[in-house]
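Everything on this sheet refers to the single structure shown next.
The values are calculated or read from the model by the stated rules, or taken from the named source; none is laboratory data. Worth saying up front: this structure is predicted, and the values here are computed from it rather than measured. Virtual Cβ from ideal backbone geometry, glycine too; neighbours counted across all protein chains shown.
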Amino acid sequence: MSAAAIGTAEPAVPYYAPTGDECALFEQAFRHRLPLLLKGPTGCGKTRFVAHMAARLGRPLFTVACHDDLTAADLTGRYLLQGGDTVWTDGPLTRAVRGGGICYLDEVVEARKDVTVVLHPLTDDRRVLPLERTGELLHAPPEFMLVVSYNPGYQNVLKGLKPSTRQRFLALDFGFPPPEAEATIVAAESGLPRDRCVPLVRLAGALRELKGQDLEEGVSTRLLVYCATLIAAGMKPERAIRAAMVEPLTDEPEVRQALLRVAEITLG
Ligand SMILES: Nc1ncnc2c1ncn2[C@@H]1O[C@H](COP(=O)(O)OP(=O)(O)OP(=O)(O)O)[C@@H](O)[C@H]1O
Ligand SMILES: [Mg+2]
């Protein structure tokens with residue numbers, strides 16, 4: 001019987017195509033117990049990168065999508081009522097600290113200020129998590145790592161990270177992959193032959209040029225994958241492009257027309 005059949009196989013490592021030295025940098029950060037900040041536009045591969053690295057390093061991953069109602073207790077834990085008793089329940093950050101996992105806080109700038117207070121003692125050389133409610137002071141094991149990400153494009157001036165928070169992290173700037181790499185990624189993710197992905201990537205490049213003028217954000221690698229997936233399933237390219245690369249970007253009829261025109265010109 002094969003290892004897979006008896007359930008002893010290593011969990012699969014999610015596919016991630018590196019576009020620079022980001023994997024080596026992540027590994028160094030992990031080995032040296034340094035927290036890491038990822039910044040970049042939506043759909044450029046940040047979440048996939050973290051999932052890939054966590055699996056490669058064999059650490060459990062605890063992902064939290066931050067929002068403006070997220071409190072420190074949502075991360076650390078709280079007393080919950082269980083059959084008449086109140087029982088302490090660890091939050092994802094506490095579970096990652098106790099178990100030596102990787103905690104990934106997505107869109108960290110959205111989190112409330114009390115969340116950053118919890119992160120500070122964990123992200124300097126103390127590496128501790130005080131749990132006021134239980135009176136515990138947890139020391140993070142060497143395998144614990146904190147990764148945060150945000151999209152500088154949507155950054156709210158009132159909400160930006162304070163220097164005292166930012167300067168606790170190593171930082172990696174994510175952009176969209178270069179065209180050659182992006183075509184390979186889109187083909188791998190969608191199953192559409194690579195030569196049919198190349199023109200879609202070229203179109204994405206042209207649409208990204210319009211960012212700032214008419215568009216808040218350029219078309220993401222994620223949307224390119226959607227588009228190629230529809231085409232691979234038999235949809236006409238024009239229809240797939242409209243649904244995946246034009247409509248999601250704008251609600252303005254004129255801008256939509258301009259994007260469709262760019263598509264016509266680019267794809268010929
Ligand atoms: N380098 C890459 N290797 C493999 N797949 C990639 C890569 N970059 C992007 N992708 C594809 O793009 C999709 C979106 O990536 P992901 O969800 O990681 O984006 P993100 O940067 O976390 O976006 P958001 O800021 O919106 O959360 C992935 O599901 C994957 O299909
Ligand atoms: Mg993400």
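Might you let me know whether segment 181-193 holds any residue that is loosely packed, with under 15 Cβ neighbours inside 10 Å, on the phi < 0 side of the Ramachandran plot and without any contact (Cβ under 8 Å) to a residue 24 or more places away in the chain? Yes, segment 181-193 contains a residue that is loosely packed, with under 15 Cβ neighbours inside 10 Å, on the phi < 0 side of the Ramachandran plot and without any contact (Cβ under 8 Å) to a residue 24 or more places away in the chain. Of the helices (runs of 4 or more DSSP H) lying entirely inside segment 150-225, those containing at least 1 residues that are within 27 Å of Pro35 (Cβ to Cβ) and at pLDDT below 95 are 163-166.
Among residues of segment 117-128 that are touching a residue at least 40 places away in the same chain (Cβ under 8 Å), those with a Cβ under 6 angstrom from a residue that is in a loop (DSSP other than H, G, I, E, B) and not charged (D, E, K, R), sequence gap 6+ or separate chain, pair up as Thr123/Pro35; Arg127/Ala140.
Of all the criteria given as (1) assigned to a helix (DSSP H, G or I); (2) exposed (fewer than 15 other Cβ atoms within 10 Å of the Cβ); (3) at pLDDT 90 or above, the one not satisfied by Arg126 is (1). Has segment 88-104 got any residue that is under 30 Å from Met245 (Cα atoms) and in contact (Cβ under 8 Å) with a residue 40 or more places away in the chain? Yes: segment 88-104 contains one or more residues that are under 30 Å from Met245 (Cα atoms) and in contact (Cβ under 8 Å) with a residue 40 or more places away in the chain.
Contact map, segment 131-159: first residue more than 23 Å from Met53 (Cβ to Cβ), second residue surrounded by 14 or more Cβ atoms within 10 Å (Cβ to Cβ) and at pLDDT below 90, Cβ cut-off under 6 Å, separation 6 or more or different chains; pairs are Gly153/Glu217; Lys159/Val109. Screening Glu143 against (1) in contact with a Gly (Cβ under 6 Å, 6 or more places away or on another chain); (2) over 20 Å from Leu34 (Cβ atoms) leaves a single unmet condition, (2). Taking the listed residues Glu209, Glu132, the one that is exposed (fewer than 15 other Cβ atoms within 10 Å of the Cβ), assigned by TED's automatic domain parsing to the domain that holds Lys46 and not hydroxyl-bearing (Ser, Thr, Tyr) is Glu132, with no other qualifying. In the set Gly77, Gly58, Gly43, Gly84, only one residue is more than 17 Å from the chain's Cα centre (by Cα) and surrounded by 15 or more Cβ atoms within 10 Å (Cβ to Cβ); that residue is Gly77.
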